[in-house]
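Reading through the structure tokens given below for one structure.
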Amino acid sequence: MTSEAMQAQSNLEEGAGPAAWLLTTDHKRVAWLYLVAITGFFFLGGAFAVLMRIELASPAGDLVSDDVYNRLFSLHGIIMVWFFLVPSIPATLGNFLLPLMIGARDLAFPRLNLASWYVFIFGSLFAMFAVLAGGVDTGWTFYTPLSSIYSDSYVSTAAFGVLIVGFSSIMTGINFIVTVHKLRAPGLTWFRLPIFVWTLYATALVMVLATPVLAASLILIVLERVFGLGIFDPDLGGDPLLFQHLFWFYSHPAVYIMILPGMGVVSEVIPCFARRPLFGYKAVALCSMAIAIFGFLVWGHHMFVSGQSAYAGVIFSFLSFIVAIPSAIKVFNWGLTLRKGEISFETPMLFALFFIALFTFGGLAGLFVASLAVDVHLHDTYFVIAHFHYIMVGGMVMAFMGGMHFWWPKMTGRMYSETAGRIAAAVSFVGFNLTFFPQYVLGFLGMPRRYHTYPPEFQFWHVLSSAGAVVLAIGYLMPLFYLTWSLFRGRRAPDNPWGATGLEWQTSSPPPPHNFAEMPVVTRPAYDYPMKGLGEKRTDPAAGVVL
């Protein structure tokens, strides 16, 4: 069905003015509200990272004091993890696309969806107050006893902000779970769902089950700081390691809140630009659920050198290797999807391929720190920083960029400059590796993290990393400019510019307020691209969907 046939205005034209946006219950507009908010946090957190890299270009640490440096890396981590990475894909692309992908008119609870954005903004105000008032010096992990006893920074304010944002995640997770269960179009069985929907569903389960543990942990910190309760203070009968268990029981599953939706994006992009069905669809779908489940069983690998039981260390090490298997299956299946495909290298495809490269490399590095003996040397070094960023930034941000470029024509009805997009993808990939690969070397050589001074023999690698950060910043800034430009000057996008097969491509670009004029009926599996050499190539991108 074409946009002309639908004869409906787009959701972007439905109502103008601040009230029409701030009081909307349209899932697509709520996604835009989230997108604007997290983009601001992304560049704010990135600015703190740039200041850190400038400081680390010199061994003497002569730009800022040690206390200011502690606050820089703490605010960088808190803002990037809690206010960008966790909500990034679910709250933006997930909000926009989930109802479209399953043939629904909106999410199950539209008002709850809008409320989740207001809760997110309310929590962010506490974080912004902590930034403006002087910052936090505990790191993004809020480890006790520093956070509960010794720190004189704005720990309670920042922790309360993260606590409130956690409720936003829970609200989004509940909405996604109910929507997937109750609002699927006729014929859209579980094993006809797009993989992006599977990953959003798995992510939502983790949000709902794990986030309350984080909330409890942060409440306990605030109670100990304000009322002097002996929860983590050993002088009062508390246990400082208890906080690490509680924190990582949430925060390792939170890694999959960040990365699972990125895997879903890649699973949409690869078949489209390879013109082949996703290899091993059921395996990829079930591996998404397996990752969510196993993610709850490996929190102890963050505590190998904390003094926990050696037997517990062996078990957590074994489970950490096991959790890599579902991720590896996905990577192999993406590779086999590409095999003999009619591959085209549009911007979304480049971001997806770069995701696979960086995620695979970062994941292999994770096997090193999952090994008990090796982790003793690598723990709390730059090796861990590099591993984390290869997964979370190299992986998740690449997937986020790929998804934004893939669905941008659908979201806005406009096309961006393909040349600019390809250049931005290449610059980001080069800049990222130049920034973070030297940190693997630094960590292996023994450079501890969170130090703003270091021996001169490490300067070469730090200067290389700082130079890479400049290149990476350019790569991230470019899409901000050309995507914004495309909103006003980009050429009109057809309803299905990529020839993709999902339901979201069967409505107008941008979609009307209620998505579909008629309820779609699904008769074919997801990714119904023709196999090369097996009959004539299907030219109708709407095959398998009856409107």
Each residue of the stretch 307-323 in order: what ³J(HN,Hα) in whole Hz does its phi give by Karplus 6.51 cos²θ - 1.76 cosθ + 1.60, θ = phi - 60°, with x for Gly and Pro?
x, 5, 3, 4, 5, 4, x, 5, 5, 5, 5, 4, 5, 5, 6, 5, 5
Amide H contacts under 5 Å for Thr381, placed H, 5+ residues apart:
Arg449
The equivalent-ellipsoid semi-axes of the stretch 264-327, taken as the square roots of five times the Cα gyration tensor eigenvalues and listed largest first in whole Å, are 34, 10, 8
Contact order relative to length of the chain, as percent, for alpha carbon pairs under 8 angstrom and 6 or more apart
19 percent
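With only Lys, Arg, Asp and Glu charged, each at its Cβ (+1 for the first two, -1 for the last two), find how big the charge dipole of the chain is about the Cα centre; round to the nearest 20 debye. Can you show the working numbers first?
On the way: 28 positive and 28 negative charges, 349 e Å.
The dipole magnitude comes to about 1680 debye.
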Calculate what fraction, in whole %, of the accessible area of the stretch 29-68 sits on carbon and sulfur atoms when a 1.4 Å probe is rolled over the protein chains.
76 percent
In sequence order, calculated HN-Hα J values of the stretch 208-225 (Karplus, 6.51, -1.76, 1.60; Hz; x Gly/Pro):
6, 7, 9, 4, x, 5, 4, 4, 4, 4, 6, 4, 5, 4, 5, 4, 5, 5
Counting pairs of alpha carbon atoms under 8 Å apart in space and at least six apart in sequence, what relative contact order in percent does the stretch 237-378 give?
33 percent
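Sort the following peptides by mean Cβ neighbour count (other Cβ atoms within 10 Å, averaged over residues), highest first: 54-66, 415-427.
Most protected by this proxy first, the peptides run 415-427, 54-66.
What translational D, rounded to a whole number of µm²/s, comes out for the chain from Stokes-Einstein when the hydrodynamic radius is the Kirkwood one over Cα pairs, at 20 °C and 1.002 mPa s?
Values: Rh = 24.0 Å.
It diffuses with D of about 89 µm²/s by this estimate.
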Considering only protein heavy atoms and a 1.4 Å probe, what is the carbon-and-sulfur percentage of the accessible area of the stretch 180-225?
70 percent
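When only C-alpha pairs under 8 Å and at least 6 residues apart count, what is the relative contact order of the stretch 1-150, in percent? Please list the in-between numbers first.
Values: 124 pairs, mean separation 48.9, N = 150.
This gives 33 percent for the stretch 1-150.
Which shape class applies to the stretch 76-155: rounded if a/c is under 1.5, otherwise prolate when a/b exceeds b/c and oblate if not, where a ≥ b ≥ c are the square roots of the Cα gyration tensor eigenvalues?
Values: a/c = 3.47, a/b = 2.69, b/c = 1.29.
Prolate, because a/c is 1.5 or more and a/b exceeds b/c.
How much accessible area per residue does the chain have, in Å², with a 1.4 Å probe? Spell out each step's value before the answer.
Values: 20980 Å² over 547 residues.
Here the per-residue accessible area is 38 Å².
Which sequence of Leu35, Leu480 reflects their accessible areas, 1.4 Å probe, from the largest down?
Details: Leu35 20, Leu480 70 Å².
In descending accessible area the options line up as Leu480, Leu35.
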Helix-only [θ] at 222 nm, the chain, -39500 (n - 2.57) per DSSP H run of 4+, per residue, nearest 500, equals -21500 deg cm²/dmol
For the stretch 489-507 and the stretch 196-255, compute the distance between their C-alpha centroids and round to whole Å.
42 Å
Charge sum, other residues only, whose C-beta stays under 15 Å from Ile474's C-beta, Lys/Arg counted +1 and Asp/Glu -1:
+2
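The values are calculated or read from the model by the stated rules, or taken from the named source; none is laboratory data. Being a predicted model, the structure only gives us computed values, none of them experimental. Every residue, glycine as well, gets a Cβ built from its backbone with ideal geometry; the counts of neighbours run over all protein chains shown. To get the accessible areas, we keep the full protein, side chains included, count just its heavy atoms, and leave off ligands, DNA and RNA. Shrake-Rupley method; radii C 1.70, N 1.55, O 1.52, S 1.80 Å.
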